[in-house]
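Take a look at the structure set out below.
A short reminder: the numbers here are calculations on the coordinates, not readings from a lab. Owing to the predicted nature of the structure, the values given are computational and were not obtained by experimental measurement. All Cβ positions, even for glycine, are placed from backbone atoms using ideal geometry, and neighbour counts span all protein chains on display.
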Amino acid sequence: MESVERNAVEYRVRQAFEAGEFRLYYQSQHDATTNRILGAEALLRWHDPATGVAEPGSFLQALEATGLIIPVGEWAFKQAAEDCQRWQRLGLPRLKLGVNVSPSQLTPEGAELLAHRVKEMRSVCDLQIEISSAHLVSPVEGIVAALHTLRFAGADISVQHFGLDDYTHKRVWSLPVDGLKIDRTFICRMTEDPEVDEELAGMLMLARAYRLVSVAEGVETQEQYDRLRELNCDLTQGYLHAPPMPADRFEWLLRAECYARPGYTPRTGRLAYDA
């Protein structure tokens with residue numbers, strides 16, 4: 001029965017790609033000190049006419065199994081570039097944009113293709129490639145080489161779900177990374193469990209020691225946000241600020257935030273002075 005269901009999902013995923021049913025959503029990332037939007041994470045969604053909007057957990061395995069992860073990933077980079085270019089034309093500020101990649105995209109050929117996309121996107125955003133810590137366990141030589149290629153092309157590299165495995169935690173100093181995204185499981189428990197809070201503080205100290213940008217994902221309460229500020233976390237992301245949203249809604253979120261800044265000039269997308 002599981003095989004039948006899996007085949008059905010894989011068939012539907014193929015149809016979805018051909019029909020253009022995939023979309024990019026964006027979730028804002030905020031400066032933990034000023035609360036200003038400095039970046040966003042691009043998130044894949046499937047607009048299934050039968051069941052509604054689906055998150056990657058329900059179809060990512062099917063994309064991998066069918067090999068569609070490569071063309072869908074290529075589409076995602078192109079779409080992100082188009083969205084950022086449009087925001088720039090509207091005079092909205094330049095963003096650091098996080099895009100997730102799969103190990104399937106980090107073959108030598110795949111890394112070269114992604115490096116080309118990175119170079120194309122440098123004019124419209126500061127690109128950050130995000131990869132799960134689970135893919136950096138063992139063996140990782142090929143993936144590490146691919147990350148070096150992307151970094152050389154101009155992208156920053158960020159480790160997602162950081163803290164879930166000791167291996168990545170212990171060898172992060174040797175990896176070609178620029179940032180750490182602390183997993184939401186730590187954020188949701190930090191204000192209730194002193195041991196988790198202590199572990200989180202240690203991860204943030206590690207990030208500062210290696211001059212890595214720290215991002216806390218899954219921030220949902222003001223108490224969590226305030227504690228992260230006390231611990232000198234760099235960026236926060238979560239429903240406290242805003243949920244993932246389609247590009248047109250994210251554009252309005254950017255507009256609203258920008259127009260509230262003293263000295264903002266829409267023609268250039270820059271601040272005449274900082275508040």
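Assorted remarks:
- The modelled label-to-label distance between His135 and Arg122, using points 7 Å beyond Cα along the C-beta direction, is 2.3 nm.
- Measuring how big the chain is from its alpha-carbon positions, Rg and Dmax come out at 18.9, 62 Å.
- The stretch 83-236 shape via C-alpha gyration tensor axes, a/c threshold 1.5: oblate
- For the stretch 92-218, a crude dipole built from +1 on the beta carbon of Lys and Arg and -1 on the beta carbon of Asp and Glu, taken about the Cα centre, is about 600 debye to the nearest 20.
- In the chain, the DSSP-assigned H stretches of four residues or longer account for a calculated mean residue ellipticity at 222 nm of -14000 deg cm²/dmol, using -39500 (n - 2.57) per stretch and the full residue count as denominator.
- Judged by a Cβ-Cβ distance under 4.7 Å, the unpaired cysteines of the chain are Cys188, Cys233, Cys258.
- Fully extending the segment from Tyr259 to Asp166, taken as 0.36 nm per residue of separation minus the present Cα-Cα distance, adds 29.1 nm.
- The length gained on full extension between Thr221 and Arg14, counted as 0.36 nm times the residue separation minus their Cα-Cα distance, comes to 70.7 nm.
- Rel. contact order, % - alpha carbon contacts under 8 angstrom, at least six apart, the chain: 20 percent
- Out of every Cα-Cα pair that the stretch 1-46 contains, those further apart than 11 angstrom amount to 73 percent.
- In the stretch 101-167, a dipole from Cβ-located charges (positive for Lys and Arg, negative for Asp and Glu) runs towards its positive end, and of Ile131, Val101, Met121 it is Met121 whose Cα lies farthest in that direction.
- Using the Karplus relation 6.51 cos²θ - 1.76 cosθ + 1.60 with θ = phi - 60°, the per-residue 3J(HN,Hα) values for the stretch 39-55 come to x, 7, 10, 7, 10, 7, 9, 10, 8, 7, x, 7, 10, x, 7, 10, 8 Hz, with x marking Gly and Pro.
- Projected onto its three principal axes, the C-alpha set of the stretch 1-120 covers 52, 35, 26 Å, listed from the longest axis down.
- Residue range of the chain that is longest and free of GluC sites (Glu not before Pro) which are both DSSP loop and sparsely packed (at most 15 other C-beta within 10 Å): 1-191
- Residues of the stretch 2-43 with amide N under 12 Å of a point placed 7 Å along Cα→Cβ from Ala65: 2-14
- Multiplying the residue separation of Tyr239 and Leu113 by 0.36 nm and removing their Cα-Cα distance gives an extension gain of 42.0 nm.
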